[in-house]
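Taking it in order: structure first as C-alpha cells, then the write-up.
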Amino acid sequence: MVVAALVAVVGPALAGCDARVREERKLWNLFGIQAALNANGVVATSEEIPTGIPASELLTRTSSGATLKVQRAFAEGAPAGFVTTEIWMNFYDAVWTQPLYAQVIDVVPQVTFVTDTRVIDVGPDSTFYSPFWQVNLAVVGDVAEDRYQSTTALLNNASQIIPAGERTCPIRPDDVTGTLALPAPWDAWNIPLQTVPPAKAVLDDEGTIEHFSLFDFGPDLFELEVEEHGAIVEATPMFVFAKPDGTLNTDEPRVLGAGEVAMDASGPRPRYGGLWRLYKVFLPASAGPFHGVDHPAARDRATDPLAYEGRFALDVTCFNDDRSFPDGCVWLDSQAQLEAVLGDGHLEATNITQTGPIVFWQKQAVPVNQ
Amino acid sequence: MTGRRAVATALAAFGAGCGGWLTAGVRAARAADAPSPVPALTDSAAAEVAPPTDETIALEEPATGATPQVAPLVVTGYVDVGFAKAQGNGTSFHPADNRSPLDYGVDPFAPAVNSRGEAASTDPGTDPNGYPRFVNGFLPRSAGIGGTPSFLLNTANVDFRYTSAEVPVLVFTRVQLVPRLENTGETTRLFLEQAFGRITPIKSAELAISVGKFDSVFGIEYLENQANFRIGITPSLLARYTTGTSIGVKAFYRYQFIPIASALSLNVSATNSGTFVEALQGSSRSLTGVPVVTARLGYELNLARLSVKIGASAERGPRNDQNDRGAMQTLLGADLRVFVAGLSLTGEYVKVDEEEGNPNKLTGTGTYTFTSDFYAHGFWAQAAYELPLPIPSFRVTPYARYEQRHGEFVTFAAIKVDRATAGLNVGIGDNLIVKGEYLINRELEGAPTVANNVVTSSVVWTW
C-alpha cells in the first residue's frame, strides 16, 4: 500500500517528464588544444562554431611539440595579433582569479625567493582553473625549496602573505613553447615577436605533488569586476564576423575591443586582452573581407596592402574602385567603428570566452611580460 | 536527556501548551490517553515513528471510532534564545585565502551557533584589491554576529495542530520567526518549517501517509531539528545533508514483533529536494520535475532497561539546485542509538555524492554560478548521560560529540575537518531547558587552519 501510494503520486510526475535539460560547458586549455592538434582535430565546437576551430589555428607543430600560433586581428583600425591559450564555452561570467604564491625568504632588504617554482591550488583539470592569478609573496624564511608545496601549508606557516598584483600565466604542457611569429601573409613584414617567458608551478592534489609549466604574460592584462557573489575577471569584447548562416567565421581576422594601451620606446603595451568574450557580428549582404588576390588593382594601389588583408568593409564594391582604395572604404576594424556603423543590434554576445594576450599591434611587437 | 525523555517532554509540552487559552484542549487531550490500537513499545519507540512532535501524538490516537476527545486545534511552540561567541571573524575563511570559490575549500558550516545550524558569519571578506572574495553557494544561513559575542533570538516557533473529528486526519503547521540584524538593517525571516496533512488509513496498522512539507526521513538527526528536542545546541557537520524539510509525500509503516520486543519500520518519501537543508537546496518547487526518493529502514529492540535502534537510509534523485534531471544526488547512511540506564549513545554515518549539474545554481540563499561535482562522507557519535538526581523535574545531562567530515568539490579542493563538542543540558520542569556547549573545530587536511571555535548557549522556553 505504501508503494501504491507513492506510485500514485510519483508516477504521474514521472510520466509527464520532459526530456533532460543539459547545458554543456567546457574549458579547452593548452592541454586540450594540444591533444586536438595531435589528433588533427578541432576545439570549441558549439552552436556558434559548428565545425569548431582547427587546433592547428591555435598551435603550430614543431619538432619537439608545439608552439603558440599568432592569430590575426584588427584593433583600433590597425593590424594586431593575439594568441589563444584557453577557450571557455558556457561559463557565463565565471572566470575568476586564483591565488599563486611565490615563496620568499624575506622581503627586506630585498625580495629573496626560496625557489622559482610557484605554488598553486587549482590545476588545468579543474572547472575552476584560471590563467589569471593573484600573486602573493609568502614569507617562509630560509627553508628547503620543497618544504611547502600546497597553499594550505603556506597559509598555515608563512609569517606574512603579501599581495603582489595579478598576472596572466596559462598552464601549458612542457612541450608547448612560446616562440612567436607572425602568420601568413603578415610574416612578409619580417617583424620579430618576443618569446613568451616560461614559469613553473607546483600543486598538491590530495598529497600527490604535480609540477606544471606556465607561460608568463605578465601583469596588468585584465581587470576585475564585482558580481553578486564576488569579483570575476572582466571580459573585453572580441568581435567575430558571422557567416550568412549565422555561425562564426573564424577563418578571417577578428576585431579586438577597445582598451588601454600604453606606448613607450619598447612598443605598445596593451593593458587589457587577458580575457575576451566573443561577439557575433551580423553583417549586411554588402559587407565582406578584402583579399588582394581577388582585387589586384586595389591591392597594388595601397601603400601597404597586407595591412588590409582580411579586413572587413561595409560594402565590398569599394574594393573595385582602385582609385579610392583604401580610403574610400568604410572599414569595420575597431569596436567604435562596429558600434557606429552597424549599431548594437548587429553585435551579439556569445557564451564563448577566451584568453588572448595581444602580442602584436600597429606593426610592432608587444613586449611580453615587461 | 534521552530520547525517552525527549518524547516525554514533547508530550508534556503539548499539554502545557494548552494550559493557557486552550484549557479545554488540555482536558480533552488527557482524556484521549486511552490505549492506542497498536501501542508504541516505549516512548522512544514512538520517536522512531516520527520526530517527537505532534506527529507522534497523532499516531497514538485512535484512528477512527468515537468522537475525538481532544480539541480540534492545538497551538504550542517554543522560544529559543541564545548567547554565542565565535573565534576570529566567525567564519571558516582564512583571511589570506583567495581561492575561488572560497567556500569550496573550507567548511563554512563549522562555526555553528544554534540549533538552526546558522554559522556565526558567512561574510567572505575581501581580497587584496578590496573586492569581495568569490563564493558559490556552499553556505549555511548566517547569524551575522561574526566574532562579536551576542544574544540571539534563534527561533520563535509556533505549531498549529488540527485533528479532524470525522476522519483519522491530522493537519500540522510549524511556523518560525527568525529575527536578524543584517548589514542592510533589521529583518525577521518568516520560515514555514513544516506544513502537512497526514492520514492514518488503517485502524489496525501503524501506517501513516503525509502530504505537504514535512521532516526528513533520512537517518536520525532530523529528530533533533528543533531546539526543544535537541540534547545539544548545534547540529552535526553532516546535518546539512540529512535534516532538511521538503515538500512531497511520505509514508511510514511499522510492524511490531511484540514477543521479541522488536519492531521494523520503513519510512519513505518522495519530495522536491530530498533532505538537504534549505540553505543548500530549496524545497518549495521542483526544478527538475522529478522527485527525490528517500527511505529509511529501521529495526528497534525495546527491553525494559535497554533500547537499541539501528537504521539504514538511502536517497536518490536529481539535485534540486539546478534543472538537469540527470544530475543525481545519492546519499547513503547508517545510524545507531542505544539507550541504557540513563546513557544515550547515538551515531550516524553519511555518504553523499552529487553529480555536476547545470549552471546557475539556485539555493535557499540565492543564485550562484555552478553546481559542482561533489562528494562527502563523515560520521558523528554522541554520548549523553542524564545524571540520576533525586530532584523531580530537574534534569542534568552532560553530553559530548565527536564528528568528522571529508568533503570534496571534485578537481578543486578536498578537505577533512573534525569537531569535538562538549556541553551541558539542564532541564527544569517541562517548560525550560538551559544548554551550553563548546565547539572545537579543526581543519585536518586541505583547508587552512583558522580560529573558528565556538562557545554558545541556549535557553529554550517551551509553551
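Structure notes:
- Subset of the range B:136-155 [at positive phi and more than 14 Å from chain A (Cβ to nearest Cβ)]: B:144, B:146
- Selected residue (only one of B:411, B:371, B:330 is open to solvent by 10 Å² or more (accessible area, probe 1.4 Å), hydroxyl-bearing (Ser, Thr, Tyr) and within 22 Å of residue B:248 (Cβ to Cβ)): B:330
- Only a single criterion out of (1) hydrophobic (A, V, I, L, M, F, W, C); (2) at the interface with chain B (Cβ under 10 Å from one of its Cβ atoms); (3) surrounded by fewer than 23 Cβ atoms within 10 Å (Cβ to Cβ) is not satisfied by residue A:144, namely (2).
- Taking (1) of a type outside the set (S, T, N, Q); (2) open to solvent by 50 Å² or more (accessible area, probe 1.4 Å); (3) touching a Phe, Trp or Tyr at 6+ places or on another chain (Cβ under 6 Å) in turn, residue B:359 satisfies each apart from (2).
- Qualifying residue in the range A:192-199 (condition: open to solvent by 20 Å² or more (accessible area, probe 1.4 Å), within 13 Å of chain B (Cβ to nearest Cβ), more than 30 Å from residue B:360 (Cα to Cα) and not in a strand (DSSP E or B)): no
- Of all residues in the range A:117-135, those satisfying the criterion of being within 7 Å of another protein chain (Cβ to nearest Cβ) and of a type outside the set (Gly, Ala, Ser) are A:121, A:122, A:125, A:127, A:128, A:134.
- Of all residues in the range A:62-109 being of a type in the set (Phe, Trp, Tyr) and part of a loop (DSSP other than H, G, I, E, B), the one that is nearest to the other protein chains (Cβ to nearest Cβ): A:96
- Filtered residue count, the range B:442-461, keeping only those that are open to solvent by 10 Å² or more (accessible area, probe 1.4 Å), of a type in the set (S, T, N, Q) and under 27 Å from residue B:153 (Cα atoms): 2
- Members of the range A:255-282 found to be over 22 Å from residue A:225 (Cα atoms), open to solvent by 10 Å² or more (accessible area, probe 1.4 Å) and in contact (Cβ under 8 Å) with a residue 60 or more places away in the chain, listed by number: A:266, A:280, A:282
- Taking the criterion of being open to solvent by less than 40 Å² (accessible area, probe 1.4 Å) and not aliphatic (A, V, I, L, M), the residues of the range B:136-146 that qualify are B:136, B:137, B:138, B:140, B:142, B:146.
- Every pair of residues 6+ apart whose Cβ atoms lie under 8 Å, when the first sits in the range B:187-212 and is on the phi > 0 side of the Ramachandran plot while the second is among the β-branched types (Val, Ile, Thr) and open to solvent by less than 60 Å² (accessible area, probe 1.4 Å): B:212/B:247
- Top-ranked residue of the range A:219-254 - restricted to ones that are within 14 Å of chain B (Cβ to nearest Cβ) and in a loop (DSSP other than H, G, I, E, B), ranked as least open to solvent (accessible area, probe 1.4 Å): A:222
- Scanning the range B:115-130 for residues that are within 14 Å of another protein chain (Cβ to nearest Cβ), surrounded by 22 or more Cβ atoms within 10 Å (Cβ to Cβ) and out of contact with any Pro (no Cβ under 6 Å at 6 or more places or on another chain) turns up just one, B:127.
- Filter result (open to solvent by 40 Å² or more (accessible area, probe 1.4 Å) and either modelled with pLDDT under 95 or closer than 22 Å to residue A:219 by Cβ (or both)) within the range A:167-178: A:167, A:177
- In the range B:243-269, the residues that are away from chain A (no Cβ under 13 Å) form Cβ pairs under 6 Å with partners that are aliphatic (A, V, I, L, M) and in a strand (DSSP E or B), at six or more places apart or across chains, as follows: B:256/B:263; B:262/B:301.
- Residue that is farthest from residue B:410 (Cα to Cα), among those in the range B:87-114 that are more than 14 Å from chain A (Cβ to nearest Cβ) and open to solvent by 10 Å² or more (accessible area, probe 1.4 Å): B:87
- Here B:161, B:180, B:133 are screened, and the one residue that is open to solvent by less than 30 Å² (accessible area, probe 1.4 Å), at pLDDT below 95 and in contact with an Asp or Glu (Cβ under 9 Å, 6 or more places away or on another chain) is B:133.
- Just one of the listed residues (B:289, B:333, B:326) is touching a helix residue (DSSP H, G or I) at 6+ places or on another chain (Cβ under 9 Å) and over 23 Å from residue B:349 (Cα atoms), and it is B:289.
- Residue check, residue B:387 among the hydrophobic types (A, V, I, L, M, F, W, C), modelled with pLDDT of 95 or more, farther than 30 Å from residue A:89 by Cβ and open to solvent by 20 Å² or more (accessible area, probe 1.4 Å): yes
- Screening residue B:424 against (1) touching an Asp or Glu at 6+ places or on another chain (Cβ under 8 Å); (2) touching a residue at least 60 places away in the same chain (Cβ under 8 Å) leaves a single unmet condition, (2).
- For the range A:297-329, a tally of residues being under 21 Å from residue A:251 (Cα atoms) and without any contact (Cβ under 8 Å) to a residue 60 or more places away in the chain returns 8.
- Unmet requirement for residue A:120, which otherwise passes all of (1) open to solvent by 60 Å² or more (accessible area, probe 1.4 Å); (2) closer than 22 Å to residue A:231 by Cα: (1)
- Exclusive hit being away from chain A (no Cβ under 14 Å), outside any loop (DSSP other than H, G, I, E, B) and free of Cβ contacts under 8 Å to residues at least 60 places away in the same chain, set B:414, B:383: B:383
- Taking each residue of the range A:341-354 that is of a type outside the set (A, V, I, L, M) and looking for partners that are open to solvent by 60 Å² or more (accessible area, probe 1.4 Å) with beta-carbon atoms closer than 8 Å, six or more apart or interchain, yields A:346/A:282; A:348/A:279; A:348/A:282; A:350/A:279; A:351/A:92.
- The condition (being at pLDDT 90 or above, within 14 Å of chain B (Cβ to nearest Cβ) and buried (at least 17 other Cβ atoms within 10 Å of the Cβ)) is satisfied by just one residue among A:204, A:216: A:204.
- The lone criterion from (1) closer than 21 Å to residue A:276 by Cα; (2) open to solvent by 20 Å² or more (accessible area, probe 1.4 Å) left unmet by residue A:91 is number (2).
- For the range B:305-357, the strands (runs of 3 or more DSSP E) that sit wholly inside it and include 3 or more residues that are within 14 Å of chain A (Cβ to nearest Cβ) are B:306-318.
- Residues within the range B:358-380 that are part of a loop (DSSP other than H, G, I, E, B) and within 14 Å of another protein chain (Cβ to nearest Cβ), tallied: 9
The values are calculated or read from the model by the stated rules, or taken from the named source; none is laboratory data. Bear in mind the structure is a predicted one, so any value in this text is a computation, not a measurement. Please note: Cβ atoms are built from the backbone with ideal geometry, for glycine as well, and neighbour counts cover all protein chains shown. Just so you know, the surface numbers come from the protein's heavy atoms only, side chains and all, with ligands and any DNA or RNA stripped out. Shrake-Rupley method; radii C 1.70, N 1.55, O 1.52, S 1.80 Å.
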